[in-house]
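*Asks:* For reference, the structure I am asking about is given below.
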Amino acid sequence: DAPITVAIDGPSGSGKSSVSKAVARTLGVAYLDTGAMYRALAWWALDRGLDLTDQAAVARAAHDLPLEIGTDPDDVTVRVDGTDVTEAIRQTRISSQVSAVATNLDVRAELRRRQRELIEQARHDHGGVVAEGRDITTVVAPDAEHRILVTASEEARLARRSTELHGGAGAELLAATRDQIVRRDRDDSTVSAFFVPADGVVGIDTSELSFEESVQAVLDVVQAGG
Ligand code: C5P
């Protein structure tokens with residue numbers, strides 16, 4: 001079979017990560033979490049005491065970043081300089097500061113170059129890849145065989161993230177989550193458009209869909225050649 005790339009973008013809380021992983025598993029291809037790469041860079045820059053607003057210093061760190069990222073949907077271990085940071089890069093401390101590195105255009109150029117390499121390698125070694133992020137359908141892999149934007153209403157995204165982060169979706173937890181994700185999406189939107197599907201990109205609104213239904217909706221698009 002010819003290799004396939006399934007490019008999936010979407011905002012935080014859209015469910016795209018867990019859905020993308022499940023789709024990769026079902027299709028028997030690799031999985032690339034590009035957000036984890038930006039998070040790993042933020043982690044490393046902070047670990048080295050860099051000021052994340054120092055554009056030149058962070059761009060140099062991106063070039064030097066000793067990153068290893070697992071692309072097996074069942075082993076997505078992320079290592080920086082040999083240290084396993086898989087859990088650490090999910091901390092609120094990182095989520096709240098990652099946009100500062102992701103809006104650095106030199107950083108984006110360097111990580112994009114690495115992402116394209118990883119995609120090429122996965123196509124060669126594993127018959128394809130489900131690559132997810134904010135700019136995969138538009139910038140990293142605009143020629144992907146399949147391009148999908150996974151969205152959900154702000155309400156649905158907040159409820160999912162709140163449950164994921166805080167184990168519940170009560171009023172107070174929702175408010176705390178809203179501050180975090182609304183600000184991050186707003187900052188991220190200054191460099192990538194991931195709320196509206198670009199030309200030729202299929203939009204899937206998962207607001208009313210269960211996890212299984214969301215996975216099936218993506219598989220249906222892939223099957224139909226979208
Ligand atoms: O997907 P996730 O929430 O883990 O992404 C973390 C951050 O990485 C995003 O908030 C965004 O700043 C950045 N990102 C990006 N482009 C991508 C994927 C992630 O700018 N393709």
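The values are calculated or read from the model by the stated rules, or taken from the named source; none is laboratory data. Note that the structure is a prediction, hence the values are computed from the model and not measured. A quick note on method: Cβ atoms are made from the backbone with ideal geometry, for glycine too, and the neighbour counts reach across all protein chains shown. With ligands, DNA and RNA removed, areas are computed over all heavy atoms of the protein, side chains included. Shrake-Rupley method; radii C 1.70, N 1.55, O 1.52, S 1.80 Å.
*Asks:* Please say if the stretch 165-226 is rounded, prolate or oblate, where rounded means a/c under 1.5 for a ≥ b ≥ c the square roots of the C-alpha gyration tensor eigenvalues, and otherwise the choice is prolate for a/b larger than b/c and oblate otherwise?
*Replies:* It is oblate, given that a/c is not under 1.5 and a/b is not larger than b/c.
*Asks:* Does the stretch 1-152 classify as rounded, prolate or oblate by the C-alpha gyration tensor (a ≥ b ≥ c root eigenvalues; a/c under 1.5 gives rounded; else a/b over b/c gives prolate, otherwise oblate)? Walk me through the intermediate numbers first.
*Replies:* Details: a/c = 1.67, a/b = 1.65, b/c = 1.02.
Verdict is prolate for the stretch 1-152.
*Asks:* Using Cα pairs under 8 angstrom and six or more residues apart, how large is the relative contact order of the chain, in percent?
*Replies:* Values: 356 pairs, mean separation 75.1, N = 226.
Relative contact order here is 33 percent.
*Asks:* I would also like to ask the following. Name the shape class, rounded, prolate or oblate, that the alpha-carbon gyration tensor gives for the stretch 66-126, where a ≥ b ≥ c are the square roots of its eigenvalues, rounded holds for a/c under 1.5, and otherwise prolate holds if a/b is larger than b/c and oblate otherwise.
*Replies:* It comes out oblate by the Cα gyration axes.
*Asks:* Per residue of the chain, what 222 nm ellipticity follows from adding -39500 (n - 2.57) for every DSSP H run with n ≥ 4, rounded to the nearest 500?
*Replies:* My calculation for the chain gives -15500 deg cm²/dmol from helical runs alone.
*Asks:* What is the antiparallel percent of DSSP beta bridges lying wholly in the chain, to the nearest 5?
*Replies:* Taking every DSSP beta bridge with both residues in the chain, the antiparallel ones total about 25 percent.
*Asks:* Let me ask something else about it. Please compute the contact order of the stretch 43-117 in relative form: average sequence separation of alpha-carbon pairs under 8 Å and at least six residues apart, divided by the residue count, as a percent.
*Replies:* Here the relative contact order equals 29 percent.
*Asks:* While we're looking at this one, here's another question. Expressed as a whole percentage, what fraction of the accessible surface of the chain belongs to carbon and sulfur atoms when a 1.4 Å probe is rolled over the protein heavy atoms?
*Replies:* 48 percent
*Asks:* Where the centre of each part is set by its Cα atoms, how far does the stretch 21-75 sit from the stretch 151-226, in angstrom?
*Replies:* Going from one Cα centre to the other spans 21 Å.
*Asks:* Still on this structure, I have one more. Restricting attention to the stretch 114-200, which GluC sites (Glu not before Pro) occupy a DSSP loop and are surrounded by at most 16 other Cβ atoms within 10 Å? Numbers along the way, then the final one.
*Replies:* Details: sites: Glu117, Glu120, Glu132, Glu145, Glu154, Glu155, Glu164, Glu172; in loops: Glu145.
Answer by residue number: Glu145.
*Asks:* Just tell me, in residue order, which DSSP H segments of the chain are both 18 angstrom or longer along the helix axis (alpha-carbon based) and at least -0.5 in mean Kyte-Doolittle hydropathy. Spell out each step's value before the answer.
*Replies:* On the way: long enough: 34-47 (20 Å, 0.32); 105-126 (30 Å, -1.55); 171-189 (26 Å, -0.99); 211-224 (20 Å, 0.62).
Long hydrophobic helices here: 34-47, 211-224.
*Asks:* In addition: Suppose R0 equals 45 Å; then what is the FRET efficiency for Asp205 and Asp51 from their Cβ-Cβ distance, rounded to the nearest 0.05?
*Replies:* Working: r = 39 Å, r/R0 = 0.87.
Efficiency, from the Cβ-Cβ distance: 0.70.
*Asks:* Any idea what log10 I(q)/I(0) is at q = 0.10, 0.13, 0.15 Å⁻¹ for the stretch 73-213, Debye with uniform C-alpha scatterers and no solvent?
*Replies:* Values returned for q = 0.10, 0.13, 0.15 Å⁻¹ are -0.41, -0.72, -0.98.
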